[in-house]
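Novice: If you scroll down you'll find the structure; I have some questions about it.
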Amino acid sequence: MSTTPSPGPTAVPVPLSTAEPDAATLARAALAAEEPDAATLARAAEQTAGTLLAPAAPHRLTDVVPAPQQVQPDPTADWALPAEAVIVSSADPAALAVAEQLAQLLRPATGYPLPVTDATTPEPASGIALVLDDSADLGAEGYHVDIATDGVRITAATAAGLFYGVQTLRQLLPAAIESPSPATERWALPGGAITDAPRFPYRGAMLDVARHFFAVEDVLRVVDHLARYKLNHLHLHLTDDQGWRIAVDSWPKLTTVGGTTEVGGGPGGHYTKADYQRIVSYAAARHITVVPEIDLPGHTNSVLVAYPELAPDKIAPPPYTGIEVGFSYVDPADERTYDFVADVLGEVAALTPGPWLHIGGDEAFKVNGEVYTGFVERVQRIVADLGKTVVGWHQLAPAAHLDGRVLQWWGTNGEDPTTVDAVRRGARLIVSPGNHAYLDMKYAPDTPIGHDWAGLIDVRKAYDWDPGTHVADVPAEAVLGVEAPLWTESVTSLADIELLLLPRLPAIAELGWSTRASHDWAGFRDRLAAQGPRWTTAGITFYRAPEIPWRTAPTIPTQRNMPQTDTATP
Ligand code: TNX
């Protein structure tokens, strides 16, 4: 084995840090302990020596995806996390929860205990302070990170802001922080300050769990990927021709019959209510809102297999495991259909704390004109009566406006007068251009999975567009945000999902979060390059897009693999 362990902090000749010698550190550490003993003094001395001999932090303060709003590096203030660091948070339970999440992120690779405490006025004190402060003008999701010689302070008005500050901090640490087991590393952070807040309030990704079903654990892992890049919505496409994936007590055969199929003839599956709630609460803990989609009136073959009385001809069709679209629909002329819709949406709404209910509406090719708009208007009303806000694909546009209505635009050319008209009537837009944001499109002709009906989408194509101006004649104020949908006709495993998601998801995330002024392909490409080693270290699959100058993953000497390295060397 030719593994070369990266040298530990004391094994390399290191340049002197540019930091001023800090004689006060020793005294402060001694004073901080109630009864300064020899061990405390020795640790503090070791720490001071470490600071003086430390190499600069390996990452620049600007090495963050999505690009932060304001970055003020201070090379004299690099700081390394010491083994005895404490995470101290404002006493608010949601802030403390973020502090505990930070500890859980850092403990595996560092092997440090990182106890979490609370305080009225949290101070870094050679550790990390999370400070809830609503006087800071940072908005609902903004944050401030300050890395100085006495530690790190993250300030935000909300727990969401603190959570995003934590995601930024994570990217500023060496890539080995992603290691699931202790790594020998100096956990250095670049000094300076970041002040950051998102451009759009809605930043999302969609996972189609209908064409192929994915286990709860897989969905949770997708949630983790969203959280890393400060996305705040997970749209779950829960129903389609090939399978119904969410338990509905009042219409049980939707899952017991309609849930047992998927593309290609596999066994399908569905989420129990408890499964769905587990996804919702795991996402909520990461400040991500789940947007459930029940696709109506088309994309409903699985419904008709289970309940033929909802079919226009009242005859059960055979289960569908192909990948065509547009052939199925629930009968818009039968009152029973509206009972079905109200029951299903009622049960899904009751499980969903977020404000949105997505009603699909796409590709109902056999339901036209007034029949289609009449159906949509009734369903929109059902959603409003449940106290939720309607989201639907932009095919909903011709239907009457309803307060708050959101259209998800998935066109491939930014001219769309029907959608523009709906926006004039008050609709807001989530933009998901098929030829930029569809994560099921192939990167290149040889991508082993995916589609190409909207073209190939390499990383640059995913990055080089502007959600604020993309749809002609839609003003930026009407744009709620951006979403990257992943349809799964050709996607059968978590590794497939990750291959299509990464590295394009961070590109879309940056469009949703970062200012337009910071948009810069060359800069993005370099910052993205630093994510590769993180994914590798964390065991996450990604596509090694040839246009990205990927940095190499660290070789991580751990207690587990060090002896192997020694003995296996020929
Ligand atoms: C179009 S985009 C669809 C989906 C397919 C997808 C495949 C949209 C609202 N509908 O039914 O899965 O293309 O790329």
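Novice: What number in nm² do you get for the chain if you take the convex hull of its Cα atoms and divide its surface by four?
Specialist: Working: hull surface 112.0 nm².
So the Cα hull casts an average projection of 28.0 nm².
Novice: Restricting to bridges with both residues inside the chain, how much of the DSSP beta-bridge set is antiparallel, in percent to the nearest 5?
Specialist: Rounded to the nearest five, the antiparallel share is 30 percent.
Novice: Next question. If I compute solvent accessible area with a 1.4 Å probe over the protein chains, what percent of it on the chain is carbon and sulfur? Walk me through the numbers on the way to the answer.
Specialist: Details: 12190 of 21740 Å².
Exposed carbon and sulfur together represent 56 percent of the surface.
Novice: Using the Kirkwood radius built from alpha carbon pairs, what does the Stokes-Einstein equation give as D for segment 348-468 at 25 °C and 0.890 mPa s, in µm² per second?
Specialist: Taking Rh from Cα pairs, D becomes 156 µm²/s.
Novice: Size of the dipole of the chain about the Cα centre, Lys and Arg at +1 and Asp and Glu at -1 on the beta carbon, nothing else charged, in debye to 20?
Specialist: 680 debye
Novice: Turning to a different aspect of this structure: Can you give the accessible area per residue of segment 67-195, in Å², using a 1.4 Å probe?
Specialist: Each residue of segment 67-195 exposes 34 Å² on average to a 1.4 Å probe.
Novice: Obtain the nm distance between the two label points defined at Asp92 and Ser493 by a simple spin-label model: each point lies 7 Å from its Cα along the Cα-to-C-beta direction.
Specialist: That separation, rounded to one decimal, is 4.3 nm.
Novice: If I model a spin label as a point 7 Å beyond the Cα along the Cα-Cβ vector, how far apart are those points for Ala119 and Trp521 in nm?
Specialist: 4.8 nm
Novice: Can you give the relative contact order of the chain as a percent, counting alpha carbon pairs under 8 Å and 6+ residues apart?
Specialist: Contact order relative to length: 14 percent.
Novice: How do 396-406, 134-144 rank on mean C-beta neighbours within 10 Å, highest first?
Specialist: Values: 396-406: 18.6, 134-144: 16.9.
In descending order of packing, they fall as 396-406, 134-144.
Novice: Just tell me which lysines come within less than 25 Å, Cα to Cα, of Lys366; anything on the same chain fewer than 8 places away is out.
Specialist: Candidates past the 8-residue exclusion: Lys253, Lys314.
Novice: So for the pair Glu363, Arg336, with labels modelled 7 Å out along Cα→Cβ, what separation do we get in nm?
Specialist: 2.7 nm
The values are calculated or read from the model by the stated rules, or taken from the named source; none is laboratory data. Given the structure is predicted, the values throughout are model-derived calculations rather than measurements. Quick reminder, even Gly has a Cβ in these numbers, built from the backbone with ideal geometry, and neighbours come from all protein chains shown. In case anyone asks, the SASA skips ligands and DNA or RNA and just uses the protein heavy atoms, side chains included. Shrake-Rupley method; radii C 1.70, N 1.55, O 1.52, S 1.80 Å.
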